[in-house]
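Below: the structure, in structure tokens.
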Amino acid sequence: MVKICCIGAGYVGGPTMAVIALKCPSVEVAVVDISVSRINAWNSDQLPIYEPGLEDVVKQCRGKNLFFSTDVEKHVYEADIIFVSVNTPTKTRGLGAGKAADLTYWESAARMIANVAKTDKIVVEKSTVPVKTAEAIEKILAHNSKGISFQILSNPEFLAEGTAIQDLLNPDRVLIGGRETPKGQKAVEALKGVYAQWVPEERIITTNLWSAELSKLATNAFLAQRISSVNAMSALCEATGADVQEVSYAVGKDSRIGPKFLNASIGFGGSCFQKDILSLVYICECNGLKEVACYWKQVIKVNDYQKARFVNRVISSMFNTVSGKKIAVLGFAFKKDTGDTRETPALDVCKGLLGDKARLSIYDPLVTEDQIRRDLSMNKFDWDHPIHLQPPTSPASIKHVSVAWDPYQAAKGAHGLCILTEWDEFKELDYEKIYESMQKPAFVFDGRNIVDVARLRKMGFIAYSIGKPLDPWLKGMPALA
Ligand code: NAD
Ligand code: UDX
């Protein structure tokens, strides 16, 4: 029986290994982590992350060929294939701070593998890493190997949160990079054999190590660039009277462009896009490619601009101040169908409104009050370190923020309402009831283009939606920077 161990039981390690266990009954899969609370949760009825379909898969395999454990060394020792799926956040201090990927967790995992291993291992980079990381890992392993052979593979993960199980069951492609030596190719074939249990062969792409590592960063950069492109257009739409949804539909109909990832929004969030583009920018700079670095940096600049533009729109619409006004915030997760708030654009919007002294009442169907308060009190980039390594915060001290248990409670008595996550339930709310309960004039700012602004305007709302022709009320407002 082949034994797989995955170091890191997070959003990637947990679901990915659960699907491998489901599809490969003859493989024993152990997912290990240094976080005791995370492993306890994986072994309970309350899994540590929410993903549609995940619970079902875990329940089918857990205790049979899928195990969650804190005994990292035991499972590393026993495994034939070791996936490393630990955090690779943006560095917060030292050389490259604010841009470079922090490989501390990866390096400590590699050193531990070298210490514990007594037989040959295939070590798989599952985390997203800078190009050439495999070379560094190889050096660490080789210099500590005591005669054991380690083959490093790059097998980046392309799942998106909220659709992780579907993405894993039916991936566009699986990418495996390895050394072009006989041993390297044998390792590639071994990993290919695992995925071939359910992924059609033509969707399993094999490349050299550096192409695989770079393809992951490139894919995220291309995806984020599409969002910044449509968001840049949304600003021009508001200035000219064009409708961004009509524009993106027309653009996406061109089969060379395609319709996906063209939804204008308050900006992209999530743990990957910003971090990976910053890492790409840093790699370009280190290679002396200033223009290339500038090009990709602009994707992030436009994203920051879009969040700031939304905050400015809210404040300027409401007579240039939200000081002391109650603003209902619907949605805090970075996208629907997840409770993940890492780099959520809602955080920047909330901080912007709090900066103008608003009182916020926040509702999200999955994000807990503790999480919201912790996020609002955390420094940039601290969010992506394992929780026990994050600096202490004082969540209770976040003033002027309350967390509501339902959207109607959040909106009651509010002057304005901001939709920051595209949860389906926000499309179906009784907006007449909400309008009645709000201060007048009542404002709605739809940061996700999910409500029918024409209908809301008929009810009496002053309604704004990203990239849509402006409410007559807003037309007279000063132009936004
Ligand atoms: P995560 O924070 O959810 O999980 C990482 C886990 O690794 C944590 O539970 C942490 O405690 C554990 N860990 C850290 N160091 C460890 C060590 N030395 N030994 C054992 N456990 C250790 O992170 P994630 O979202 O699963 O992301 C993991 C990697 O996958 C990152 O490189 C990320 O860029 C990449 N990725 C993420 C996604 C996504 O959607 N979240 C998608 C594709 C790729
Ligand atoms: C992303 C990549 O899609 C995935 O392939 C990679 O493995 C990890 O990073 P994820 O961050 O989970 O996945 O979600 P994604 O669906 O890509 O959305 C990222 C952000 O972009 C969200 O905040 C989302 O709301 C936003 N977005 C997405 C838009 O604003 N408009 C769009 O058209 C699409």
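Structure above, values below:
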{"read-out": "Any chance Asn303 is closer than 16 Å to Thr421 by Cα, more than 16 Å from ligand 1 (Cβ to nearest atom) and either in contact (Cβ under 8 Å) with a residue 24 or more places away in the chain or surrounded by fewer than 19 Cβ atoms within 10 Å (Cβ to Cβ) (or both)", "value": "yes"}
{"read-out": "Residue that is farthest from the chain's Cα centre (by Cα) [pool: residues in the stretch 247-287 that are of a type in the set (Gly, Ala, Ser) and within 16 Å of ligand 1 (Cβ to nearest atom)]", "value": "Ser279"}
{"read-out": "Hey, Arg448 within 16 Å of Asp243 (Cβ to Cβ) and part of a helix (DSSP H, G or I) or not", "value": "no"}
{"read-out": "Residue, nearest to the chain's Cα centre (by Cα), within the stretch 125-172, restricted to residues that are surrounded by fewer than 21 Cβ atoms within 10 Å (Cβ to Cβ) and of a type in the set (D, E, K, R)", "value": "Asp167"}
{"read-out": "Scope the stretch 126-161; condition within 9 Å of ligand 1 (Cβ to nearest atom) and of a type outside the set (S, T, N, Q); matching residues", "value": "Lys126, Val129, Pro156, Glu157, Phe158, Leu159, Ala160, Glu161"}
{"read-out": "Ile81 being under 25 Å from Asp384 (Cβ atoms) and modelled with pLDDT of 95 or more", "value": "no"}
{"read-out": "Check on Ile372, of a type in the set (Val, Ile, Thr), under 25 Å from Thr92 (Cβ atoms) and modelled with pLDDT under 95", "value": "no"}
{"read-out": "Residue within the stretch 288-298 that is of a type outside the set (Gly, Ala, Ser) and within 16 Å of ligand 1 (Cβ to nearest atom) present", "value": "no"}
{"read-out": "Selection from the stretch 1-48 of residues that are of a type outside the set (A, V, I, L, M, F, W, C), buried (at least 17 other Cβ atoms within 10 Å of the Cβ), at negative phi and within 16 Å of ligand 1 (Cβ to nearest atom)", "value": "Gly10, Tyr11, Gly13, Gly14, Pro15, Thr16, Asp33, Ser35, Arg38, Pro48"}
{"read-out": "Residue match in the stretch 2-13 (condition: modelled with pLDDT under 95, out of contact with any Leu (no Cβ under 7 Å at 6 or more places or on another chain) and within 19 Å of Lys121 (Cβ to Cβ))", "value": "yes"}
{"read-out": "In the stretch 338-352, residue nearest to ligand 2 (Cβ to nearest atom) [restricted to those that are assigned to a helix (DSSP H, G or I) and either farther than 20 Å from Tyr408 by Cα or in contact with a helix residue (DSSP H, G or I) (Cβ under 6 Å, 6 or more places away or on another chain) (or both)]", "value": "Pro345"}
{"read-out": "Selected residue [of a type outside the set (Phe, Trp, Tyr), more than 30 Å from Ser402 (Cα to Cα) and either surrounded by fewer than 17 Cβ atoms within 10 Å (Cβ to Cβ) or within 16 Å of ligand 2 (Cβ to nearest atom) (or both)] from Leu330, Leu262", "value": "Leu262"}
{"read-out": "Residue list for the stretch 162-173, filter: in contact (Cβ under 8 Å) with a residue 24 or more places away in the chain, within 14 Å of ligand 1 (Cβ to nearest atom) and out of contact with any strand residue (DSSP E or B) (no Cβ under 6 Å at 6 or more places or on another chain)", "value": "Gly162, Thr163, Ala164, Ile165, Gln166, Leu168, Pro171, Asp172"}
{"read-out": "Answer residue from the stretch 271-289, given it is in contact with a Ser or Thr (Cβ under 8 Å, 6 or more places away or on another chain) and among the hydrophobic types (A, V, I, L, M, F, W, C) and is nearest to Leu223 (Cα to Cα) among those", "value": "Cys272"}
{"read-out": "Test result for Ile34, within 16 Å of ligand 2 (Cβ to nearest atom) and under 15 Å from Cys6 (Cβ atoms)", "value": "no"}
{"read-out": "Lone qualifier among Ser271, Ser265 - being of a type in the set (Ser, Thr, Tyr) and in contact with an Asp or Glu (Cβ under 6 Å, 6 or more places away or on another chain)", "value": "Ser271"}
{"read-out": "Residues satisfying the stated conditions in the stretch 251-276, i.e. without any contact (Cβ under 8 Å) to a residue 60 or more places away in the chain and of a type outside the set (Phe, Trp, Tyr)", "value": "Val251, Gly252, Lys253, Asp254, Ser255, Arg256, Ile257, Gly258, Pro259, Lys260, Leu262"}
{"read-out": "Helices (runs of 4 or more DSSP H) contained in the stretch 42-124 and holding at least 2 residues among the acidic types (Asp, Glu)", "value": "54-61, 72-78"}
{"read-out": "Candidates Lys325, Lys335 - the one that is within 16 Å of ligand 2 (Cβ to nearest atom) and either among the hydrophobic types (A, V, I, L, M, F, W, C) or crowded, with 19+ Cβ neighbours inside 10 Å (or both)", "value": "Lys335"}
{"read-out": "Single match in Leu389, Leu417 (criterion: of a type outside the set (Lys, Arg) and modelled with pLDDT of 85 or more)", "value": "Leu417"}
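The values are calculated or read from the model by the stated rules, or taken from the named source; none is laboratory data. These numbers were taken from a predicted model, which means no experiment stands behind them. Don't worry about glycine lacking a Cβ; one is built from the backbone with ideal geometry, like all the others, and counts go over all protein chains shown.
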